[in-house]
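Before any comments, here is the structure.
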Amino acid sequence: MWALKAFLLGALAVGALAYALVATLALTAQAAGHTLDIALGPLLLVSVTAERTATVTTFGPGLFVLAFAGGLANLVAARLLRHRSASRSDRVD
């Protein structure tokens, strides 16, 4: 159960941070009247396009991939810390 908690906490933290970052960038691009495309390879994070009098913002599946990667990284770190703390023994004879 601790592994699931570690994964979910990492995924939520990285997902929220990534969303806040790309939303801020998208809002800044909208306010300036510019277009913006941010992607991780083929995975779109955010896209801001200007069409005549409207501005369209699209959030892509790259945010979910970032959140998943953050969850995995947190799970690996939790396992390493758990293994490290469990391997300590009293070395005094």
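Read-outs throughout are calculated quantities, based only on the coordinates presented, and are distinct from any laboratory measurement. Worth saying up front: this structure is predicted, and the values here are computed from it rather than measured. No Cβ is skipped: glycine too gets one built from the backbone with ideal geometry, and neighbour counts run over all protein chains shown.
Things worth noting here:
- Close contacts from the stretch 57-82, counting a first residue that is under 14 Å from Val14 (Cα atoms) and a second that is in a helix (DSSP H, G or I) and β-branched (Val, Ile, Thr), with Cβ to Cβ under 8 Å and a gap of 6+ residues or different chains, come to Leu63/Val22; Leu66/Val14; Ala67/Val14; Ala69/Val14; Gly70/Val14; Gly71/Val14; Ala73/Val14; Asn74/Val14.
- Some residue of the stretch 4-16 being touching a Phe, Trp or Tyr at 6+ places or on another chain (Cβ under 7 Å) and closer than 30 Å to Leu80 by Cβ: yes
- Those residues of the stretch 1-16 which are assigned to a helix (DSSP H, G or I) and without any contact (Cβ under 8 Å) to a residue 12 or more places away in the chain, in sequence order: Leu4, Lys5, Ala16
- Test: Ala31 is without any contact (Cβ under 8 Å) to a residue 12 or more places away in the chain and out of contact with any helix residue (DSSP H, G or I) (no Cβ under 6 Å at 6 or more places or on another chain): yes
- Selection of the stretch 25-43 for residues being exposed (fewer than 12 other Cβ atoms within 10 Å of the Cβ) and part of a helix (DSSP H, G or I) yields Ala31, Ala32.
- Of Val22, Val46, all but one fail to be assigned to a helix (DSSP H, G or I) and either touching a residue at least 12 places away in the same chain (Cβ under 8 Å) or under 25 Å from Lys5 (Cα atoms) (or both); the exception is Val22.
- Residue selected from the stretch 51-84 under the condition aliphatic (A, V, I, L, M) and loosely packed, with under 14 Cβ neighbours inside 10 Å, by the criterion farthest from the chain's Cα centre (by Cα): Ala54
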